[in-house]
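Trainee: Handing you a structure now.
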Amino acid sequence: MDQYSIVNVIGKGSFGRALLVQPINEEQNYVMKEIRLPKADSGIRNSKREAVLLSRMKHPNVVAFKESFEADGHLYIVMEFCSGGDLLQRIQQQKNVLFTEDVILKWFAQMCLGTKHIHDKRVLHRDLKSKNIFLTVSGTVKLGDFGSACSLNSAKAYVQTYVGTPYYVSPEIWDNKPYNNKSDVWSLGCVLYELCTLQHPFQSRSWKSLILKVCRGAYAPLPSHFSYELHYLIKNMFKTNPKDRPSVHTILSSHPTSIFDGVMQEDHEIRIIQIHYFEEKKHIFFITFYYFRKKKYCTAK
């Protein structure tokens, strides 16, 4: 800890504290997660898992890992600070004024790109929600908080442990069934719906009623001014059978010119993100998103 000065305490939870810190010889701020290490070996391994998994992620739409270390019975994870806050804060700031579809899809496309990277690493986030999706000052979306994440032994593996935030949990988890990365897709659908309506898709005054709504996929339709493609996408992401639900890979590759045509970046520099979507008959297809100020392109090669 001697190499960092604490600027502020920015969060507290069951895990411990989240601190805004600054390295002694740097001007850049970082987030430091302070986790009290349990005495049991299994608990220590679980606590360290977040740092291990986050360190494997190298993507512009995932919060960047800086370092981790132990001191005085605590684990410290140092990561990128996103000064634009989180999506939940942005939603609350709207005061019932809906986001435009262009803004929603700009964020959602980046959420999908970050999630695809995680899934390609055979990792499930397991707690995707608006509070865990962050924004930089320039508006870039970053997935964060890997405290509930887990790794899979194979691309087709399943897990069964219950984790997550109730409003974003998929039907298969409530049904106590094994689940895979399609559960993250459900959670992304909840965030997308929340951006469109400023409300959770599944709400109730009792847990029993909430679980029933989730397991039936019973949600109020989007406002009518949103495009047919957006309505259709959310409908598919809320398929109660995970086998019928698209993967993030499918979402990105199936909607390159309609859903994501409005993806844009508002800063001065050009950013190019190339994604390999699928390989079929030895031909690799690419989508390249070109981000320009006041211009928007979405081209396929």
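The values are calculated or read from the model by the stated rules, or taken from the named source; none is laboratory data. A quick note: this is a predicted structure, and the numbers were derived from the prediction, not measured. Cβ atoms come from the backbone with ideal geometry, glycine included; neighbour counts cover every protein chain shown.
Trainee: Among the residues of segment 25-37, write down those that are in a loop (DSSP other than H, G, I, E, B) and more than 16 Å from Ser5 (Cα to Cα). If you could, list the steps in order and put the result at the bottom.
Mentor: As a first pass, look at segment 25-37 and keep what is in a loop (DSSP other than H, G, I, E, B): 25-29, 37.
Across segment 25-37, the qualifying residue is only Leu37.
Trainee: If you don't mind, there's one more thing I want to ask. Being farther than 20 Å from Leu19 by Cα and out of contact with any helix residue (DSSP H, G or I) (no Cβ under 7 Å at 6 or more places or on another chain) is the filter; apply it to segment 54-68 and report the residue that is surrounded by the fewest Cβ atoms within 10 Å (Cβ to Cβ). Before you say what the answer is, go through the steps one by one.
Mentor: Initially, segment 54-68 is screened for residues farther than 20 Å from Leu19 by Cα, giving 56-61.
Okay, now just the ones that are also out of contact with any helix residue (DSSP H, G or I) (no Cβ under 7 Å at 6 or more places or on another chain), so 56, 58, 60.
Working: Arg56: 15, Lys58: 10, Pro60: 15.
So the residue we want is Lys58.
Trainee: Out of all the residues in segment 4-31, which are free of Cβ contacts under 8 Å to residues at least 24 places away in the same chain and of a type in the set (Ser, Thr, Tyr)?
Mentor: If the condition is that a residue be free of Cβ contacts under 8 Å to residues at least 24 places away in the same chain and of a type in the set (Ser, Thr, Tyr), then Ser5, Ser14 are the ones that fit.
Trainee: Of the residues that make up segment 88-97, is at least one buried (at least 21 other Cβ atoms within 10 Å of the Cβ) and modelled with pLDDT under 95?
Mentor: No, because not a single residue in segment 88-97 is buried (at least 21 other Cβ atoms within 10 Å of the Cβ) and modelled with pLDDT under 95.
Trainee: Another question about this same structure. How about segment 38-144: which strands (runs of 3 or more DSSP E) wholly inside it have at least 3 residues that are not assigned by TED's automatic domain parsing to the domain that holds Ser183? Can you show your working first?
Mentor: Numbers: elements: 65-71, 74-80, 133-135, 141-143.
It comes to 65-71, 74-80.
Trainee: Something else now. If Ser224 passes every condition in (1) within 18 Å of Asp175 (Cα to Cα); (2) over 17 Å from the mean Cα position of the chain (by Cα) but one, which one does it miss?
Mentor: (1)
Trainee: Could you count how many residues in segment 9-53 are of a type in the set (S, T, N, Q), modelled with pLDDT of 90 or more and crowded, with 19+ Cβ neighbours inside 10 Å?
Mentor: Count: 0.
Residues are listed down the side, and each one gets a yes or a no for (1) of a type in the set (Ser, Thr, Tyr); (2) touching a residue at least 40 places away in the same chain (Cβ under 8 Å):
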| site | (1), (2) |
| --- | --- |
| Arg205 | no, no |
| Ile211 | no, no |
| Ser227 | yes, yes |
| Leu233 | no, yes |
| Met237 | no, yes |
| Pro242 | no, yes |
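Trainee: A further question follows. For Ser206, which of the numbered conditions (1) modelled with pLDDT of 95 or more; (2) exposed (fewer than 11 other Cβ atoms within 10 Å of the Cβ); (3) hydroxyl-bearing (Ser, Thr, Tyr) fails to hold?
Mentor: In the conditions (1) modelled with pLDDT of 95 or more; (2) exposed (fewer than 11 other Cβ atoms within 10 Å of the Cβ); (3) hydroxyl-bearing (Ser, Thr, Tyr), Ser206 misses (1) alone.
Listed here are the residues, each with its yes/no results for (1) touching a strand residue (DSSP E or B) at 6+ places or on another chain (Cβ under 6 Å); (2) under 19 Å from Thr115 (Cβ atoms); (3) part of a helix (DSSP H, G or I).
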{"position": "Val185", "(1), (2), (3)": "no, yes, yes"}
{"position": "Leu188", "(1), (2), (3)": "no, yes, yes"}
{"position": "Glu194", "(1), (2), (3)": "no, yes, yes"}
{"position": "Ser204", "(1), (2), (3)": "no, no, no"}
{"position": "Lys208", "(1), (2), (3)": "no, no, yes"}
{"position": "Lys213", "(1), (2), (3)": "no, no, yes"}
{"position": "Ala218", "(1), (2), (3)": "no, no, no"}
{"position": "Leu233", "(1), (2), (3)": "no, yes, yes"}
{"position": "Lys239", "(1), (2), (3)": "no, yes, no"}
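Trainee: Give Val159, Val137, Val141 a once-over and let me know the one that is among the hydrophobic types (A, V, I, L, M, F, W, C) and at pLDDT below 90.
Mentor: Val159
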